[in-house]
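Participant: Structure provided below as structure tokens; questions to follow.
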Amino acid sequence: MERWRFSTKAVYDIFRNHGPKVGWHSLLLGPCKIPRYSFVLWMAILEKLSTMDKPWLSHLGGVCVLCGREMETHEHLFFRCNYSRQCIRILKGMVRFTWPNRAWAVDIAWASKRWNGRHIVQAAYRALLAAIVYHIWQERNRRVFQQSAAELHYC
Ligand SMILES: [Zn+2]
């Protein structure tokens, strides 16, 4: 007869929600991760950032503050917006960074498969994606809440 050993982990495993595994969790892991970058990337992947298309922000007009042209959605910010596309272009000029720029969810699935490994290069790509998403979101927030804009600098 097998004895059951009490542990906090065993109790937690009994009561936690065993939902379906997601493919993108690897994008949030790795030695190069910066927690606040990973958090914003996680929110962006789940499309939970408070973009202007959310019903509770409809009074703000819904237009993207980075380009002033289209409705601000996750799909638009990452990376259909002219501003974010320019960020990707600058990044591609510095490192060999490939981003297919199709639908956001499709690209996240693509990146999850492509940058899934433990190799430092794949970890660096994951960190780059988290960093660019974080800084685009920061710039968006700076423009919304402080009415100021930072210039993009080419290195
Ligand atoms: Zn835009």
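The values are calculated or read from the model by the stated rules, or taken from the named source; none is laboratory data. Computed from a prediction, not measured in an experiment: that's the story for all the values here. Every residue, glycine among them, receives a Cβ derived from its backbone with ideal geometry; neighbour counts consider all protein chains shown. SASA here: full protein model, heavy atoms, side chains in, ligands and nucleic acids out. Shrake-Rupley method; radii C 1.70, N 1.55, O 1.52, S 1.80 Å.
Participant: Condition first: under 19 Å from Met52 (Cα atoms) and in contact with a helix residue (DSSP H, G or I) (Cβ under 8 Å, 6 or more places away or on another chain). Now tell me which residues in the range 87-121 satisfy that.
Facilitator: Step one: of the range 87-121, the residues under 19 Å from Met52 (Cα atoms) are 103-105.
Those that are under 19 Å from Met52 (Cα atoms) and in contact with a helix residue (DSSP H, G or I) (Cβ under 8 Å, 6 or more places away or on another chain): Ala103, Trp104.
Participant: Which of the residues that make up the range 44-71 are hydroxyl-bearing (Ser, Thr, Tyr) and in a helix (DSSP H, G or I)? Talk me through it step by step, then tell me what you get.
Facilitator: In the first step, residues of the range 44-71 are kept if they are hydroxyl-bearing (Ser, Thr, Tyr); the result is 50-51, 58.
Residue satisfying the conditions is Ser58 alone.
Participant: Tell me which residues, restricted to the range 61-90, are touching a residue at least 24 places away in the same chain (Cβ under 8 Å), over 16 Å from the mean Cα position of the chain (by Cα) and surrounded by fewer than 19 Cβ atoms within 10 Å (Cβ to Cβ).
Facilitator: Gln86, Ile90
Participant: Here are some conditions: (1) within 16 Å of the ligand (Cβ to nearest atom); (2) among the hydrophobic types (A, V, I, L, M, F, W, C); (3) buried (at least 19 other Cβ atoms within 10 Å of the Cβ). Leu41 meets all but one. Which one does it not meet?
Facilitator: (1)
Participant: Filtering the range 72-86 down to residues that are near the ligand (Cβ under 9 Å from one of its atoms) and outside any helix (DSSP H, G or I), which residue is nearest to Pro55 (Cα to Cα)?
Facilitator: Among them, the one singled out is Glu72.
Participant: Taking Arg102 as the residue in question, decide whether it is at pLDDT 90 or above and open to solvent by less than 70 Å² (accessible area, probe 1.4 Å). Walk me through how you get there before you give the answer.
Facilitator: On the way: at pLDDT 90 or above: yes; open to solvent by less than 70 Å² (accessible area, probe 1.4 Å): no.
For Arg102, the condition - at pLDDT 90 or above and open to solvent by less than 70 Å² (accessible area, probe 1.4 Å) - is not met.
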